[in-house]
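All of the numbers you see were taken from the coordinates with simple rules; none came from a lab. Owing to the predicted nature of the structure, the values given are computational and were not obtained by experimental measurement. So basically every Cβ, Gly included, is an ideal-geometry build from the backbone, and we count neighbours across all protein chains shown.
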Amino acid sequence: MNIIIRTYSGRTVTRPDTSWKCNDDASYLPEFVNSVSYTPVVIARVCKAGRSVALKFAGRYWDKIGYGVLLYAENLIDGSDEGYASASCLDHSSFLSLPDFGKDEDQGEFRLLKDGREIFRFAEDLVPILDKAVSETSLSCYLRTGDFVIAELAPRSALTEKADGRCTVEAVTGQSSLLSFKLVLD
C-alpha cells in the first residue's frame with residue numbers, strides 16, 4: 001500500500017507504509033526529535049488502478065473517505081529536499097483512520113483536538129478536494145488498488161516541543177472519535 005500525499009502547496013510526495021499508525025496508547029518519538037508539527041488530512045482509498053487520471057474521471061478511482069493527521073519532526077526540516085523527506089519518513093508519524101465513509105455520506109465536520117482543545121476544524125465538501133488530489137498525484141505516481149491518496153487540508157502548524165513532553169491528539173467527526181493518540185517527546 002502506498003501513502004501518496006498532495007501537500008497543501010500542491011506537490012506530490014509519498015510516505016512509507018511504516019509511517020502509518022492507527023490508534024495506540026502512546027507514540028514515543030526518537031530522542032533526536034525536538035519539536036513536532038502537524039497537518040490535518042483527508043484520505044481517499046483507491047479502488048481502481050490508474051495513471052494520469054483526468055479530473056473529470058477521478059471520482060471513479062476512489063470509493064471511501066477517511067481522516068487523519070501527519071506529523072513532522074521540525075528539526076529535520078532544514079530547507080533541503082532531504083530534510084523534508086527525512087521528516088516525512090519517520091516511523092509511526094502518519095495517524096490515519098481507515099477510510100470507511102462513502103462519498104455521499106455526511107461525515108459531519110472534521111475536528112482535531114490537542115489535550116481536549118480544538119486546534120483545527122473543517123466542514124467543506126471533500127469530493128472536489130479528493131478528486132483533485134487523485135488526478136494531480138496520478139500524474140507522477142501510478143495508483144494501485146488499496147493505495148491511500150491524501151490531501152493536506154492546511155499547512156504545517158506547531159504541535160508540541162520536547163519541553164512540553166507529552167500531548168494527546170484526537171480526531172473527531174460529529175460525535176464520533178476517529179483516532180486518538182498520546183505523543184511523547186522525552
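Expressed in nm to one decimal, what extension gain is obtained for the pair MET1 and ASP125 from 0.36 nm per residue of sequence separation less their Cα-Cα distance? Each step should come with its number before you reach the end.
Details: separation 124, 0.36 × 124 = 44.64 nm, distance 2.59 nm.
Extra length from MET1 to ASP125 when fully extended: 42.0 nm.
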*Within a Gaussian network of the chain (alpha carbon springs, distance under 10 Å), most fluctuating of TYR61, TYR38, TYR28*: TYR28
*asked:* Need the full-extension length gain, SER52 to THR145, defined as separation in residues times 0.36 nm minus the C-alpha distance. One decimal, nm.
replied: 32.0 nm
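If the only charges are +1 at each Lys and Arg Cβ and -1 at each Asp and Glu Cβ, what is the size of the charge dipole of the range 1-69 around the Cα centre, to the nearest 20 debye?
Details: 10 positive and 5 negative charges, 134 e Å.
Result for the range 1-69 is approximately 640 debye, rounded to the nearest 20.
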*asked:* Given Cβ point charges of +1 (Lys, Arg) and -1 (Asp, Glu) and nothing else, what value in debye, to the nearest 20, does the dipole of the chain about its Cα centre take?
replied: 580 debye
_If you fit an axis through the alpha-carbon atoms of helix 126-137 and take the longest principal axis of the Cα set of the chain, what angle between them do you get, 0 to 90°, nearest 10?_
90 degrees
*Once Cα Rg over 2.2 N^0.38 Å is worked out from the coordinates, which option in (i) 1.08; (ii) 1.14; (iii) 0.99 does it equal?*
(iii)
*Can you give the charge dipole size of the range 95-186 about its Cα centre, rounded to the nearest 20 debye, using +1 on the beta carbon of Lys and Arg and -1 on the beta carbon of Asp and Glu?*
380 debye
*For the charge dipole of the range 109-152, defined by +1 on Lys and Arg C-beta atoms and -1 on Asp and Glu C-beta atoms about the Cα centroid, which residue among THR145, ILE119, ALA133 has the Cα displaced farthest towards the positive pole?*
ILE119
*asked:* Can you tell me the length gained on complete extension of the stretch ALA154 to GLU109, counting 0.36 nm per residue apart and subtracting the Cα distance?
replied: 14.7 nm
*asked:* Which order do the peptides 176-186, 75-85 come out in when sorted by mean C-beta neighbours inside 10 angstrom, highest first?
replied: 176-186, 75-85
*How many lysine pairs are close in the chain, with Cα atoms under 16 Å apart and the two 8 or more places apart or on different chains?*
13
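Pop the C-beta distance of LYS182 and GLU161 into the FRET formula with R0 = 22 Å and round what comes out to the nearest 0.05. The partial results should precede the final answer.
Working: r = 16 Å, r/R0 = 0.71.
Computed FRET efficiency for LYS182 and GLU161 comes out at 0.90.
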*Tell me, GLU152, GLU161 in order of fewest to most beta-carbon neighbours within 10 Å?*
GLU161, GLU152
*Please state the relative contact order of the chain as a whole percent: Cα pairs under 8 Å, 6+ residues apart?*
36 percent
*Could you list TRP62, TRP20 in order of exposure, starting from the residue whose Cβ has the fewest other Cβ atoms within 10 Å?*
TRP20, TRP62
*Ranked highest first by the average count of other Cβ atoms within 10 Å around their residues, in what order do 136-147, 103-114 fall?*
136-147, 103-114
_Centre separation in Å (Cα based) which lies between the range 89-147 and the range 1-17_ = 11 Å
